Amino acid sequence: MSSTLAVELRGIGKRFPGVIANYDVDLNVRSGTIHAVVGENGAGKSTLMKTLYGMQEPDSGTISVQGSERRFKSPSDAISAGIGMVHQHFMLADNLTVLENIILGSEPGRRGVIDMKQARARVEEIMLLISSDLDPDMPVSELGVGERQRVEIIKVLYRGARILILDEPTAVLVPEEVDELFATLNTLVSEGATVIFISHKLDEVLQVSDDITVMRQGTTVAETTPQQIDRSGLAELMVGSELPSPSGRTSTIGENIRLAVSNLTVVGVEGRPAVDNASLTVRSGEIVGIAGIEGNGQYELCAALLGLLPSKGTVAVDGKDLTKASTRQRHDAGLAYIPFDRHREGLMLNAPLWENTLLGREDEDQFSKGPLVDAASIRSYTAGIIERFGVLTPDESTPAFALSGGNQQKLIVGRTLTTNPGVLVAAHPTRGIDVGAQAAVWDEIRRARDNGMAVLLVSADLEELLGLSDTIAVMFDGQITATLNPDDVTASELGSYMTGAQKEATS
Amino acid sequence: MSDAAAAPTGPLGKILTPSRASGLRTSGTTLASSLIAVFIALAISALLLFITGKDPVAALTTMIDTAKNSDKLLEMMRRATPLIFSATAVAIGFKMNIFNIGVEGQYLFAALMAAEAGSHLSLPGPLHVAAILAVALISGAAWAGISAYLKVRKNVHEVISTIMLNYIALSFIQWIFNSFFRDDSVEGLNVKTTIIAESGWLPDIVEGRLNSMFIIALIVVAIFWVVVYRSRFGFKLRASGYNATAASTAGISATKMTVIALLLSGAVAGLVAMQSVLGETHAYGPSATPIQLGFAGITVALLGRNHPVGIVVAALLFGFLDSTSAQLQLAEVPNSIVKVMQAVIVLTVVIVNEAAVRRANIRTAERARAELAAGGAA
Amino acid sequence: MSTTTTSITSANISMSPRMRLVMMGISLVAIMSITRLWTGFDNLTSSGTIGAALRLTVPIMLAGLAGLWAERVGILNIGIEGMMILGTWFGAFGAWKYGPWIGFLFAIFGGSLGGLIHAIATIKFNIDQVISGVVMNLLAFFGVRYLSELVFVGQPQGGISQSPPQSFAIPKIDVPFLAGGPLGSSTTPDSLGWLEERGWFIIGDLAGMTRGLMSGLSLASLIAVLLVPLSAWVLWRTSFGLRLRSSGEAPEAAESLGVNVIRVRYIGLLISGGLAGLGGGFLSIISSSYYRQGQTAGRGFIGLATMIFGNWRPSGILGGAAVFGYSEGIKLVAGGSITGLFLFILIVSAIIGLISLLQRNIKRGSTGIGIGVIALIAYLTVTEVPESLTQSLPYVITLVVLATASQRLRPPAKAGVPYRPGGAH
């Protein structure tokens, strides 16, 4: 460890249309250290790292590597400055071997023929350095997630990286793999390399890093070390010591349980459960908010409720057991869904808005004339949604791709709420919607709730979550680890549960 | 709604005149780009003729002369009839991103079955014809059903399975025909199934020139239009084609749609040779029943952009081009240039369309943004 | 009983994959030998049949390789049939005018031309790869008719669907000492032929089969077969090959490491077209000595099928093509012996069925026994298989294999997925 700075960022700023991703970011990474950058989803960490790796240029600010100021126009510039990036979503060819993936594009050899011996020697040298026992001839598809990550690390080392950036490296690892990774990182820094890693898992950050920088809402808010802070302190910094105060509400929660989920398990990648024995209930007039960092099983939970993924356990709506029901049957039973990914799951981009409203509802009496579609009725219905929810569009015949993301979202919310569902499963319903319209959508949801609708709300937006929910259930690693009262919960408490540092005693 | 949402209502009210503008705009783009593509293709064909030492001007004048001949126009419609059925069959699949290349096998199988069944029946006129048509529909659907089964249960891509089934159909049909269905009582090289009784004949519209099957073709296309673009089922079909994930999230079963689409496609395919069986030769025979119509249908569907009106126009165009072959031969232009021209037309139309639609979409998005900005400012 | 069961199953597990293949090969030859001795159909493993089989295998194998080179780069090439057609025409034209070797060059050129058109349509203009392939086939089919009308009509024995015959042929060789080929000016003994005539169990069959590959062997066949190991070497041992494969497996990853995916895809399709053209040329120069319409008879699609169940590996393609070639060879040389194949199928499926049942694999076991029963019935009742049905054999086999093998297949990950550079992140 030294006091020279391997990487120094000063005043970095980056805007995208409609959103400020980074502003006034300062980062000081000492050589030969493991430096953690922590923050929630949307805090701006990934954008910052992309800038550092040359995938985009900053709007303002400077980047200095080993004391000299640099401009990176592309990743190759960053690579020649000795920076290597291990992405969160690995860039590996499954059907090629470990060795092939590592040397691709920089194959040793003469006149086009790969010198396998030389390649193998160099790779094995690196593997020895980081004590990895991977078989270079194994196809990557047969590797576990931790091993794949190891391949990505070797890839950057093979190309001479001295500064490694790892983006959420432990997001997909099990505890043993995490320990192996940290051992590797420690070996690397003892050899003189520098590691920057992005994470929101506070336990691990405190365990392995030398320095910590905290980001919140696009900028750096604190620089500290594990010696100076503990996990609740970190959580508070990440989430902000001021939690949005939930608006005072009169309880509209009724007697009947409208959604009952018992022992739901969804098998995920490589046999590990994405949803692990989860149970919850939502009553009429209640909004249950699911808090948690993205990727802890929220999507799988919602998909299983809608019958889009196979699952074990039971799902019941208004007392009716829907465990074996098809998606269409679940819709008919009053279950509605605002999807996570509006482009992939929610919209037909090339179709006009009115056809998008009709999707799934074509068999309803009001929209059909016998076997035919009643185009006039669905068009005027859509026009109604457009007006009521403030969807900015020339008309209802406009193809969906022509709308901005926020307006697409408004249409989806509108078409879902106007079906008067009994149970609404909503995944970040106001994602992409501007602040003003956001409040309007919340009002609509509250109004429906007041009329008896039950809502299961998944959101990373704490203001939304705390503002709307009557109860908060925290999901971590596929399990419901806590049930909290939004009026009482503190920032550090919520942060701790969300990052898995704490689990409630099982009830 | 709160204040923020109220604000757009004002300017939105001005813009919110229900207009079909966007839909028409897309069709307009497709039509314009297709016309341009056809001209490019004709130019390429002319160039081809020129380079190979043939006279493109002679070809052009021959074609124009042919167009003036009313007899030839009837021939154009007669040739277009099976193409309309074939293209409609292919288009049904395309609406769901399913490639039914097996129309060839499906229609030949249906022709054999329908002709043979028809020859054994004796029913009053319209019933006899209806029965033959029914057998054709079912046989075509059945042959396509094999591909549907393979796709849904065994994950075999329909492109390969339908192509393989085309070849298998040829063998299978030959075997069945030679072993069981051939009418050996009739002398000569032109072997066929037993000729169908007159009650099973479909009358001509213009004696000897154009059969009523043409009308039926137009009716089928109209039904296609109504079903695909106006019915609930058609909506589900197109929705699965637009975005299969979104459709299944909304409750539309992809598997069910796939099977139904292939069966319907096969059924319509079954009608391709019915003009020959009901109106011309009244039997099935290896030299009596026209071949290659399945592949021609694919080109017509692509050219017509899978749209009912486009299909009819494209079928007529290709029918017209086919009818010029005899005259071209007389004018010393190799008439195989006709088929080459058709292939080049299809390729250029598909390419130009792809580029044009992409550009049009960008412009639609920009226009939408501009309109809203203008509305917001006011 | 249970000890025997476990010993059988554990014996199966302990062998290395290469040994297993060899053991399987020898078992199949043994079963074929039994079939030959039982039925008296010497043609099942005769050098004549195998020789014909080789000639029939090559075009399909080349078509499969053509498909391989395209899909390994990430582009579906349904237009192989069309590129083969171009190959048959251009090959016949070149051979007719300038001799067989020049003919092959023409054939490769013709096929590559098709490959280039397909490449431009799918890479530059991004149209659907299947549509482009289908249109290619039609373009080629009618294009060569037009060309024939220009060039062949009016020539002796030429016409719109046929070319004039070629006068020169590529020499055929007999390997000396093994198949009685000449060495210098003296003749050598035909040792394999001698062994074949003796007709001993397994040895006689192996001798016959080997001799089939060594007598009457066309240089062109030899070169074509060598393209298989050559393809494997290029694709797996050179930088070019690695980058090519990566373009089909993970184009974004390849691009991020500096590979010019677009350029690589163009090259891959040109090679694909060239190989298809070569296959077509083989049909019109070696298998026959003139071009005829319909010569390709769907071999382009069968080649695609061999690529699929050869699991996108050159060796698998050769194996798959050999199966087709053999069945066509039997049909051609020894039509009556086809019923012998029923016996062969009966024995093989019965054995597989029994072993599967012992391994507790009920599904595979019963399927095996079932097929065996059908084969038995066929063997006992059918005396002559109608020509029209045997014609459909390759296509039926293709469907059956595709239907049963889709689980274990490993296509290039991004084959068929349209790619726009700069799409990552």
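The values are calculated or read from the model by the stated rules, or taken from the named source; none is laboratory data. Here the structure is a predicted model, which is why all the values come from computation and not from measurement. Cβ coordinates were reconstructed from backbone atoms using ideal geometry, including for glycine residues, and neighbour counts include every protein chain displayed.
Scanning the stretch C:272-299 for residues that are of a type in the set (A, V, I, L, M, F, W, C) and surrounded by 24 or more Cβ atoms within 10 Å (Cβ to Cβ) returns C:LEU275, C:ALA276, C:LEU278, C:PHE282, C:LEU283, C:ILE285, C:ILE286.
Reported count of residues in the stretch C:85-110, each being within 21 Å of the chain's Cα centre (by Cα) and either charged (D, E, K, R) or farther than 23 Å from C:GLN155 by Cβ (or both), is 1.
In summary, A:SER190 fulfils each of the numbered conditions (1) surrounded by fewer than 18 Cβ atoms within 10 Å (Cβ to Cβ); (2) of a type outside the set (A, V, I, L, M, F, W, C); (3) touching a Lys or Arg at 6+ places or on another chain (Cβ under 6 Å) with the single exception of condition (3).
A:ARG258 falls short on exactly one of the conditions (1) of a type in the set (D, E, K, R); (2) surrounded by fewer than 18 Cβ atoms within 10 Å (Cβ to Cβ); (3) not in a loop (DSSP other than H, G, I, E, B), and that condition is (2). Go through the stretch B:191-236 and count every residue that is closer than 24 Å to B:ASN97 by Cα and among the small types (Gly, Ala, Ser). So the answer is 4. In the stretch A:462-481, the residues that are touching a residue at least 12 places away in the same chain (Cβ under 8 Å) form Cβ pairs under 8 Å with partners that are among the acidic types (Asp, Glu), at six or more places apart or across chains, as follows: A:ASP470/A:GLU286; A:THR471/A:GLU286; A:ASP477/A:ASP276; A:GLY478/A:ASP276; A:GLY478/A:GLU300; A:GLN479/A:ASP276; A:THR481/A:GLU504. Remark: pairs (first residue in the stretch A:119-144, surrounded by 16 or more Cβ atoms within 10 Å (Cβ to Cβ); second residue part of a loop (DSSP other than H, G, I, E, B) and of a type in the set (Phe, Trp, Tyr); Cβ separation under 9 Å; 6+ apart in sequence or on different chains) = A:VAL140/A:PHE90. Which residues, taken from the stretch B:311-365, are within 10 Å of another protein chain (Cβ to nearest Cβ), outside any helix (DSSP H, G or I) and over 24 Å from the mean Cα position of the chain (by Cα)? Correct list: B:VAL333, B:PRO334.
Okay, residues lined up against (1) in contact with a Pro (Cβ under 8 Å, 6 or more places away or on another chain); (2) more than 7 Å from chain B (Cβ to nearest Cβ); (3) surrounded by fewer than 16 Cβ atoms within 10 Å (Cβ to Cβ); (4) in contact (Cβ under 8 Å) with a residue 24 or more places away in the chain:
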position: A:ARG342; (1), (2), (3), (4): no, yes, no, yes
position: A:MET348; (1), (2), (3), (4): no, no, no, yes
position: A:PRO352; (1), (2), (3), (4): yes, no, no, yes
position: A:GLY360; (1), (2), (3), (4): no, no, no, yes
position: A:LYS369; (1), (2), (3), (4): no, yes, yes, no
position: A:THR382; (1), (2), (3), (4): no, yes, no, yes
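If only residues of the stretch A:93-109 that are free of Cβ contacts under 8 Å to residues at least 40 places away in the same chain and closer than 25 Å to C:LEU409 by Cα are counted, the one that is surrounded by the most Cβ atoms within 10 Å (Cβ to Cβ) is A:LEU104.
Of the helices (runs of 4 or more DSSP H) lying entirely inside the stretch C:324-425, the ones with 1 or more residues being at pLDDT 80 or above are found at C:338-358, C:362-381, C:393-405.
Taking the condition within 27 Å of the chain's Cα centre (by Cα), assigned to a loop (DSSP other than H, G, I, E, B) and buried (at least 24 other Cβ atoms within 10 Å of the Cβ), does C:ASN77 pass? Steps first, please.
Numbers: within 27 Å of the chain's Cα centre (by Cα): yes; assigned to a loop (DSSP other than H, G, I, E, B): yes; buried (at least 24 other Cβ atoms within 10 Å of the Cβ): yes.
Here the answer is yes, as C:ASN77 does meet what is asked.
Taking the conditions (1) within 14 Å of chain C (Cβ to nearest Cβ); (2) free of Cβ contacts under 8 Å to residues at least 40 places away in the same chain; (3) surrounded by fewer than 21 Cβ atoms within 10 Å (Cβ to Cβ) in turn, A:PHE90 satisfies each one other than (2).
Where helices (runs of 4 or more DSSP H) fall wholly inside the stretch B:153-243, the ranges with 2 or more residues that are within 14 Å of chain C (Cβ to nearest Cβ) are B:158-176.
Quick check: is even one residue across the stretch A:37-53 buried (at least 18 other Cβ atoms within 10 Å of the Cβ) and in a strand (DSSP E or B)? Checking the stretch A:37-53: at least one residue is buried (at least 18 other Cβ atoms within 10 Å of the Cβ) and in a strand (DSSP E or B).
Here the stretch C:200-222 is the region considered, the condition is being surrounded by fewer than 17 Cβ atoms within 10 Å (Cβ to Cβ) and in contact (Cβ under 8 Å) with a residue 24 or more places away in the chain, and the residue that is farthest from the chain's Cα centre (by Cα) is C:PHE201. Collect the residues in the stretch C:223-266 that are more than 11 Å from every other protein chain (Cβ to nearest Cβ), without any contact (Cβ under 8 Å) to a residue 24 or more places away in the chain and more than 21 Å from the chain's Cα centre (by Cα), keeping them in residue-number order. The one that is more than 11 Å from every other protein chain (Cβ to nearest Cβ), without any contact (Cβ under 8 Å) to a residue 24 or more places away in the chain and more than 21 Å from the chain's Cα centre (by Cα): C:ARG263.
Across the stretch C:295-323, the qualifying residues are those that are in a loop (DSSP other than H, G, I, E, B) and touching a residue at least 24 places away in the same chain (Cβ under 8 Å), and the one among them that is farthest from C:TRP101 (Cα to Cα) is C:ASN311.
State whether the residues of the stretch C:229-245 include one that is outside any helix (DSSP H, G or I) and crowded, with 24+ Cβ neighbours inside 10 Å. No, the stretch C:229-245 has no match at all.
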